[in-house]
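Here is the structure we will look at.
The values are calculated or read from the model by the stated rules, or taken from the named source; none is laboratory data. This structure is a prediction, so every number in the text was calculated from the model and none was measured. Virtual Cβ from ideal backbone geometry, glycine too; neighbours counted across all protein chains shown. Protein only, heavy atoms only, side chains kept; ligands, DNA and RNA dropped before computing areas. Shrake-Rupley method; radii C 1.70, N 1.55, O 1.52, S 1.80 Å.
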Amino acid sequence: MTPQTALIALLLLSTAGYYLGRKRAMAVADKTGGPKTLHSRPVYYGTLTALWCAVPALIIFSFWMMFESTVISNMVISKLPESLQSLPADRLNLIMNDIKNLVSGNIVSGEDNPALQAAADYYQYLRSISHGALFVLILTLCIAAVSVLQNRIRPDLRARNHVEKLIYYILIACSTLAIFTTIGIVLSVLYESIRFFKIIPLHEFLFGFKWSPQMAIRADQVGSSGAFGAIPVFTGTLLVSAIAMAVAVPVGLMSAIYLSEYANRKFRAFAKPLLEILAGIPTVVYGFFAALVVSPIIRDTGALIGLDVSSESALAAGLVMGVMIIPFVSSLSDDVINAVPQGLRDGALSLGSTQSETIRYIVLPAALPGIVGGVLLAVSRAIGETMIVVMAAGLSANMTLNPLKTVTTVTVQIVTLLVGDQEFDSPKTLAAFALGLLLFVVTLILNVIALYVVRKYREQYE
Amino acid sequence: MNKETNQSNGSVRTADLVQKGLARRYKTEKRFRMAGLCAIIFSLLCLAGLFVSIFGSGYTAFQQTAIELDIFLDPSLLNPNNLSGADFNGLVKTSFFKLFPEVTDRGEKKKLLSLLSSGASYRLSDFVKTHPDKIGQTVSLFVPADDDVDMLIKGHVNRNLPETERRLDNLQLSLINTLEKQAKIKKQFNTTFFTAGDSREPELAGIRGATCGSFYTLLITLVLSFPIGVAAAVYLEEFAPKNRFTDVIEVNINNLAAVPSIVFGLLGLAVFLNFFELPRSSSLAGGIVLTLMTLPTIIIAGRAALKSVPPSIREAALGVGASKTQMVAHHVLPLAMPGMLTGTIIGMARALGETAPLLMIGMVAFIVDIPAGFTDPSTVLPVQIFLWADSPERAFMEKTSAAIMVLLLFLVVMNSAAVFLRKKYEQRW
């Protein structure tokens, strides 16, 4: 009895409910003199039945699936032998993982343990009970909904209004998902970050000058104790983003100006889609390009003129990131420049200024707020960009503004700290969430300012 | 600019000043214009460079070097009832040694064998299993060569390098030369690349597993994000009252569209994996995370499509007595649907190329098996590209470029579909 079967059964039952409701409505109507005596068309009686059949059951189903494994895990843990239960939380997690692996028939780390086997059997038993119960529950709910509605269907039942009300609530539920996503992001990142700041004080994180997150995993291990001063990571991020913006802003802006002010229709129709292709290329492709083509070129050129360029230089990552952002800047600026009223241009041209003077002294100042907004959005994009820097920038957190050296960024650190196996409660993993929180907050502030500026600007000329 | 008129009026000064500056100003004008053109040319050159370098290093991956072996399917070794227990490796070895009777030394034999891929015996085993009637005959079969041989045949390795800098030594090189002279070694179309999952051996690695993973992940994303996105867009555009609550939703959606994708990965890790305990590395978890990520795109595109439907249509529907829901469902939504579909396809294309959030939820694991369902551990195409790009073998670089070409092909198809939809159904009111 897998959840999939329950879902399919639910679908079938709702379809059946639709036909039953419609049939019932027709039958009722026949007694009172044909379908025209019904308040709504028979379809609505069917839809009403189907909705009441599907929606509550679906809600129950999703909540059940969300909490099923947590509840079962806790029940299994409470049944484990005392010696295992008294283990620290992280060891217990490992054991739970082993049990789950046993259940799904995977290879288990460590030796065969009868206690684990028993726990796995218990887990399986509980899970089959849970799935069975879910199935029965959904079935009962559906049948109850259909039978209740069968009795309720009368010619004066305002089925259409009921259906519309239900649809209205479903629409609201769908649109609030965005709020829940934001809340989910804030809560999950904040919760782990607070745990991190309990171990590493906030000021040490924000103002520390040394970043080396390698921690001794066992107490007796010799090794670095871990330092979580994020300043080098921030400077690295800023350096790479600055290089990217140094490429993207002039090139993007000039392309936008040329496309909207100078280019003829034909050239525009040819160049604009090509620029948009740049925006559609996945970032992992840019990362590959940066690591395998641009980095070696920069290193070799550096060697030719006697410069010592690291093979994972900030320059390579920044340049490629800049190329990635060009279409972003250019399409935003294009919109903004096109929104400047033609009258302003005509006025300047009629006073005898050349086209470039018109653009520089009239169009650009008028469009400046919008352009600034677009650039801010681009900066937030550069800061949050992950794959290019993961593949082309380094891991070592150097405090440097030299673009030829290796630097690391916030996103690189998040990826390296979280990819691979490690215990979930160590400051090392929690640090990733603290960095994530910072990233979220910074990009959020940039976005809010940018969106506000752009919106204000649009209103100005509308 | 008539000098004489100006002179006769006696106001020479301004005109002269203008005249004097004109040459300089025109020059600036020209320079400015050139700068704009250069900016576009620079971007297009970058695009060209990207494509040329990837296609240039990737097209060879669609061919694979194979070595032809004449294998005697010895009935005493192959029991048709128990083929899985048969020693296919031994068969491959003996037939390969037969090609080079002069190689007798143990060490040299080992070097000879290293020219063959470890997948050679699988190829033979597959062949025998599909043609059990051939047992007892001698068949000629192409088996994959090792990736170092492959690189050499394709010319990615310089044969004139000193022996110490090559992965293949002089003996192996001369053996390959002999094979080439006998025409026993040749390049074939690389079917493995499209039918196999990931592998540590470049010559046995393929993208089928990643493609299936991408398919399942995108299916989840589409099934979840399209209905929810359309519903949200319809609510915000057609039903929502102008109040605080609606404003909050709008601001939220606009912000989510600009949140770095890796943050969605953190959300997925903390909420879906650790709290709800969804299976790690599964396309289910990946699909849900990508849904949250693409929803804002779909909602924004959907709202734009709804906005472009003229109000007269709504008024006409309401005028003949339709309810608000009927008006939306029967009239506005069908007219806005092409625009919504275009937005959805673009959102899906973005989701297909997304890597960072999927790294967070463990889709970066080395997975050989081809996923068969939504909860199986799987990987997706961009993550596969990331994994291969990290591999040190030269042959994987070629595979990476080829995988990128396949990914780009998918993206081109999706985006062309979006453009086609827009062109075909675009209506100007």
Inset, instruction - Take the Cα of B:TYR26, step 7 Å along the line toward its Cβ, and report every residue of the range A:336-372 whose backbone nitrogen sits under 14 Å from that point. - result: A:354-355
Inset, instruction - Kindly provide log₁₀ I(q)/I(0) values, in the same order as q = 0.13, 0.16, 0.22, 0.26 Å⁻¹, from the Debye equation applied to equal alpha-carbon scatterers of the range B:339-429. - result: -0.56, -0.76, -1.11, -1.27
Legend entry - Shielding of A:253-266 by partner chains, average beta-carbon count, 10 Å: 4
Inset, instruction - Kindly list the residues of the range B:396-429 that lie in the label zone of B:SER308, defined by a backbone N under 17 Å from the point 7 Å along the Cα-to-C-beta vector. - result: B:415-429
Inset, instruction - Please provide three numbers in whole Å: the alpha-carbon extents of chain A along the principal axes, with the largest listed first. - result: 87, 75, 38
Legend entry - Lys/Arg +1, Asp/Glu -1 at C-beta; the range B:63-201 dipole; positive extreme among B:ASN177, B:SER118, B:PRO75: B:ASN177
Legend entry - Solvent accessible area, Å² - B:PHE55, 1.4 Å probe, full protein context: 80 Å²
Inset, instruction - Could you tell me what percent of the accessible area of chain A is made up of carbon and sulfur, with a 1.4 Å probe and every protein chain present? - result: 66 percent
Inset, instruction - Two decimals is fine: what's Rg over Rh for the range A:3-157, C-alpha atoms, Kirkwood radius as Rh? - result: 1.27
Legend entry - Orientation-averaged projected area, Cα convex hull of chain B (nm²): 39.1 nm²
Legend entry - Rg to Rh quotient for the range B:154-277, alpha carbon positions, Kirkwood Rh: 1.30
Legend entry - Cα-derived Rg over Rh, computed across the range A:114-188 with Rh taken as Kirkwood radius: 1.23
Legend entry - Accessible area of chain B belonging to carbon and sulfur atoms, whole % at 1.4 Å probe: 59 percent
Inset, instruction - Please give the calculated 222 nm ellipticity per residue for chain A, where each DSSP H segment of at least 4 residues contributes -39500 (n - 2.57) and the sum is spread over every residue; nearest 500 deg cm²/dmol? - result: -25000 deg cm²/dmol
Inset, instruction - Taking the Cα centre of chain B as origin, work out the dipole magnitude from +1 charges on Lys and Arg Cβ and -1 charges on Asp and Glu Cβ, in debye rounded to 20. - result: 2080 debye
Inset, instruction - With a 1.4 Å probe on protein heavy atoms only, work out how much accessible surface B and A bury together, total over both chains, in Å² to the nearest 100. - result: 6700 Å²
Legend entry - Helical segments meeting 30 Å axial Cα length and Kyte-Doolittle 0.5 threshold in chain A (DSSP H): A:42-79, A:114-152, A:159-199, A:231-257, A:314-339, A:427-461
Inset, instruction - Summarise the partner chain shielding of A:272-278 as one whole number: the mean count of Cβ atoms from other chains within 10 Å of each residue's Cβ. - result: 4
Legend entry - Shielding of A:188-198 by partner chains, average beta-carbon count, 10 Å: 2
Legend entry - Assigned charges on the beta-carbon of Lys, Arg, Asp, Glu; the range A:141-269 dipole about Cα centre (debye): 600 debye
Legend entry - Overall Cα dimensions of the range B:63-201 - principal axes, largest extent first, Å: 50, 37, 25
Legend entry - Value in Å of the Kirkwood radius, where the protein assembly as shown supplies the Cα pairs that are averaged: 31.9 Å
Legend entry - Residue-averaged 222 nm ellipticity for chain B, from DSSP H runs of 4+ at -39500 (n - 2.57), nearest 500: -20000 deg cm²/dmol
Legend entry - Å² per residue, accessible surface of the protein assembly as shown at 1.4 Å: 48 Å²
Legend entry - Dipole of the range B:187-245 [Lys/Arg +1, Asp/Glu -1 at C-beta], most positive-end residue of B:SER214, B:PRO202, B:PRO227: B:PRO227
Inset, instruction - Go through B:THR60, B:ASN243, B:PHE420 and say which Cα lies farthest out towards the positive end of the charge dipole of chain B; charges sit on Cβ, +1 for Lys and Arg, -1 for Asp and Glu. - result: B:ASN243
